[in-house]
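Participant: Encoded as structure tokens, here's the structure I'll be asking about.
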Amino acid sequence: MNILITNDDGVRAPALPHLIRWARQFGDVTAIAPKVEQSGKSHAIDFMKEIEIKQVELAPDVTAYSVDSTPADCVRYGVTSLGKKFDLVISGINRGYNLGADIVYSGTIGAVFEACRLGIPGIALSANPGDESDAVKHLDAVAAFIREHKLLEQHSLYNVNVPPTVNGVRVTRQGGIFFTDVFVHHGNDIYLQEGELVPGEGEDPEVDIDAIFNGYVSITPLMTTLTNLPLFEKLKDLR
């Protein structure tokens, strides 16, 4: 199996070498990550300027590149320009959960959306801030769950969040707002977005936010289409 690993925390993110070493048990690994942090860049690409791409050292016997662009562009470069067929894209392990409605902002998620768009299965991995390197120790259980239940045979795009203490693994659905921001005036026409977590208050392990705060690994199948298919079926014959 050929695996492409990326992230949105940057090529020097502490968790990246740990994820690379873990993934090597499943096959050949290529790492392609942003030169600098790209959090919040979602599925953005940059075709308006030249992009610096160069090889870097991240782990023994692993080809790795730094790309001065977004996570989606990292995937695009690997798939379209290296002359290598990838079987799986793993994005992460992100410094901070990607949960609920806020996943639309995530560069971690944007990378696996791009993988799916290019016909490659993608798994996004995220963890509590500061725990992303330690989260690797739970990935064997996550991989075993995915294999046991043949998740990748049934669907090609998953969002996985790992809590610090794991009580089990649950398949979940996307919850509501997880983080809220306000624009704070810092003087001289300068504003900074600042906010706080809006944790789930429920006990429903089918919801990604509730699952995480109750100690479960959350595995959410995602879709790339924005079409409301039930409504389309209802309206498609209108003339």
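Quick grid of which residues meet (1) on the phi > 0 side of the Ramachandran plot; (2) basic (K, R):
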| position | (1), (2) |
| --- | --- |
| R147 | no, yes |
| P164 | no, no |
| Q174 | no, no |
| N188 | yes, no |
| Q193 | no, no |
| V198 | no, no |
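Participant: Is it the case that the stretch 82-104 has a residue that's over 24 Å from V171 (Cα atoms), within 12 Å of the chain's Cα centre (by Cα) and either modelled with pLDDT of 95 or more or in a strand (DSSP E or B) (or both)?
Facilitator: Looking for residues that are over 24 Å from V171 (Cα atoms), within 12 Å of the chain's Cα centre (by Cα) and either modelled with pLDDT of 95 or more or in a strand (DSSP E or B) (or both), one finds none in the stretch 82-104, hence no.
Participant: Let me ask you something else. List every residue pair whose Cβ atoms sit under 7 Å apart, with the two residues 6 or more apart in sequence or on different chains, where the first one lies in the stretch 222-239 and is surrounded by 10 or more Cβ atoms within 10 Å (Cβ to Cβ) and the second, anywhere, is charged (D, E, K, R).
Facilitator: Note: pairs meeting the criteria are T224/R117.
Participant: Is at least one residue of the stretch 23-35 surrounded by fewer than 16 Cβ atoms within 10 Å (Cβ to Cβ), closer than 19 Å to G130 by Cα and either in contact (Cβ under 8 Å) with a residue 40 or more places away in the chain or of a type in the set (S, T, Y) (or both)?
Facilitator: no
Participant: Going through the stretch 147-169 one residue at a time, which ones are in a loop (DSSP other than H, G, I, E, B) and of a type in the set (A, V, I, L, M)?
Facilitator: V166
Participant: Here is a further query. Please determine, by comparing only the residues of the stretch 171-213 that are within 21 Å of the chain's Cα centre (by Cα), in a loop (DSSP other than H, G, I, E, B) and of a type outside the set (G, A, S), which one is modelled with the lowest pLDDT.
Facilitator: P199
Rundown of residues vs (1) β-branched (V, I, T); (2) modelled with pLDDT of 95 or more; (3) not in a loop (DSSP other than H, G, I, E, B), yes/no style:
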residue	(1), (2), (3)
V11	yes, yes, no
A23	no, yes, yes
I32	yes, yes, yes
Q38	no, yes, no
H43	no, yes, no
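Participant: Additional query: What pairs can you find where one residue is in the stretch 110-123 and surrounded by fewer than 24 Cβ atoms within 10 Å (Cβ to Cβ), the other is among the small types (G, A, S) and assigned to a loop (DSSP other than H, G, I, E, B), and their Cβ atoms are less than 7 Å apart, with a gap of 6+ or different chains?
Facilitator: The qualifying pairs are C116/S156; P121/S156.
Participant: Right, another one. Just one of the numbered conditions (1) closer than 24 Å to D28 by Cβ; (2) buried (at least 22 other Cβ atoms within 10 Å of the Cβ); (3) touching a helix residue (DSSP H, G or I) at 6+ places or on another chain (Cβ under 8 Å) is not true of G78; which one?
Facilitator: Of the numbered conditions (1) closer than 24 Å to D28 by Cβ; (2) buried (at least 22 other Cβ atoms within 10 Å of the Cβ); (3) touching a helix residue (DSSP H, G or I) at 6+ places or on another chain (Cβ under 8 Å), the odd one out for G78 is (3).
The values are calculated or read from the model by the stated rules, or taken from the named source; none is laboratory data. Please read these numbers as outputs of a predicted model, since none were measured by experiment. Neighbour counts run over all protein chains shown; Cβ positions are idealised from the backbone, glycine included.
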